[in-house]
Structure formats: C-alpha cells, structure tokens
Amino acid sequence: MRLFSPLYRRAMVWARHRHAPWYLGGMSFIESSIFPVPPDVMLAPMCLAQPHRAWHLALLTTLTSVAGGLFGYAIGYFAIDALLPWLQESRYWPAYQTAVAWFEQWGFWAVFIAGFSPIPYKVFTIAAGALAMTLLPFTLASLIGRGARFFLVAALMAWGGARMEAALHRYVDRLGWATVAALAAGLLAFR
C-alpha cells in the first residue's frame, strides 16, 4: 500500500515552494519557545530539494531558532510565575525539572546539549529565563548547539542530494511502514 510516497512527493513540492524559507524561519522561531515539532522536519527536505541552498537554509534555521530561544528566555524571565501552574500539569514538567537541575550544575553546557540534541530545547530556553541565566552565555550556547545541529542536517542532506531524494522516493513506503511497525511494537512492549 503506497501511503507514504504521495506524502513524500507533496513534501518535496512544498520544500521547493518560493515561500518555504519563510515558513522554515517561522517554524524555527516558534519551536524554540512553544511549538512541539522540530524544524529539522522542514530543513531536511528543503536541503534535499535545493542542495545548493543548504548552507543558507541552515543559517536561516539557526538564527531564527536562536531568536525564538531568546523569546523563550523572555517568557521564562517575565512570565514563569503565570506559567508554573500550567507547566506542572503538562507533560513538560519533568523536562522542566531536569532543565532546572542541569542549569544548576552545568549552565552553558545544558543549553548547548539541549540545542544540539533532541531534548526539548524550548523547555531549556524558558528555564534559562526563569533562572535568570546570563544572556551572553545563553545566546552563545544556543548559537553553537543549534548551529551544529542544523548545519549537520543540511550537510547530510546536501551531500545526499538528488541520489538520496531518488532513493528515499523508491523506499519511502517500506521505511514508513517499518517505522509504524517499530512504533507499534515499542508501544506494545512498554505496556
């Protein structure tokens, strides 16, 4: 059953759209403070579709993500008291508590790791503001961590280019169903 290949084709068309960089920048900004979907899901197909623009797209993603991180910092700095009741009831509460503990122990490195890894960066931006982390180290750690992550994604996609796009198109349905099966097996195993 070919469920994933039409979605893949549509994603690649959207990745080539003339307004796609604006959407990527907007998504990168809001992901750093409130949105749950990481910008990599837009950056990767855009770099595959336009490998000659990969470095530009990685820079755009990095800068808008760091700007969004500064917005998250401002949320934490100015509005943490209003957010705490909601945060305590949300699924982000354990991550927030971890972020606070990491800040107390590692500061700069906590932001760097959150910026580079799949850990929810937005939780760390808000926690950094709530704990009044010094702004310059926060910004530098964000630039280095986010930049390393997004330039790595861009480099891998640009390197693969048209060959990778064709291979993905050929195997996307198999990969999609394998992912669904793995997720279902994981959910069953953890029940």
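Side notes on the structure shown:
- Residue among 132, 141, 148, 127 that alone is in contact with a Phe, Trp or Tyr (Cβ under 7 Å, 6 or more places away or on another chain) and not in a helix (DSSP H, G or I): 132
- Residue 188 passes every criterion in (1) without any contact (Cβ under 8 Å) to a residue 24 or more places away in the chain; (2) touching a helix residue (DSSP H, G or I) at 6+ places or on another chain (Cβ under 6 Å) apart from (2).
- Checking residue 156 against (1) modelled with pLDDT under 90; (2) assigned to a helix (DSSP H, G or I); (3) over 16 Å from residue 62 (Cβ atoms), the condition it does not meet: (3)
- In the condition set (1) touching a helix residue (DSSP H, G or I) at 6+ places or on another chain (Cβ under 6 Å); (2) open to solvent by 40 Å² or more (accessible area, probe 1.4 Å); (3) more than 22 Å from residue 157 (Cα to Cα); (4) not small (Gly, Ala, Ser), residue 42 is compliant with all but (3).
- Qualifying residue in the range 101-110 (condition: under 18 Å from residue 35 (Cβ atoms) and hydrophobic (A, V, I, L, M, F, W, C)): no
- Taken over the range 9-29, the criterion of being buried (at least 19 other Cβ atoms within 10 Å of the Cβ) and closer than 24 Å to residue 73 by Cα is satisfied by 24, 25, 27, 28, 29.
- Of all the residues in the range 47-97, those that are among the hydroxyl-bearing types (Ser, Thr, Tyr), farther than 22 Å from residue 140 by Cβ and in a helix (DSSP H, G or I) number 1.
- Checking the range 113-122 against the condition returns a match, with at least one residue being in a helix (DSSP H, G or I) and open to solvent by 40 Å² or more (accessible area, probe 1.4 Å).
- Pairs linking a residue in the range 34-61 that is in contact (Cβ under 8 Å) with a residue 24 or more places away in the chain to a residue that is not in a helix (DSSP H, G or I) and not β-branched (Val, Ile, Thr), with Cβ atoms under 6 Å and 6 or more positions apart or on different chains, are 49/16; 61/39.
- Output for the range 45-56, where each listed residue is within 9 Å of residue 158 (Cβ to Cβ) and either modelled with pLDDT of 95 or more or within 11 Å of the chain's Cα centre (by Cα) (or both): 55
- For residue 97, the requirement of being at pLDDT below 90 and under 15 Å from residue 76 (Cα atoms) is met.
The values are calculated or read from the model by the stated rules, or taken from the named source; none is laboratory data. Just so we're clear, the structure is a prediction, and the values are computed from it rather than from any experiment. Quick reminder, even Gly has a Cβ in these numbers, built from the backbone with ideal geometry, and neighbours come from all protein chains shown. Calculation scope for accessible area: heavy atoms of the full protein, side chains included, ligands and nucleic acids excluded. Shrake-Rupley method; radii C 1.70, N 1.55, O 1.52, S 1.80 Å.
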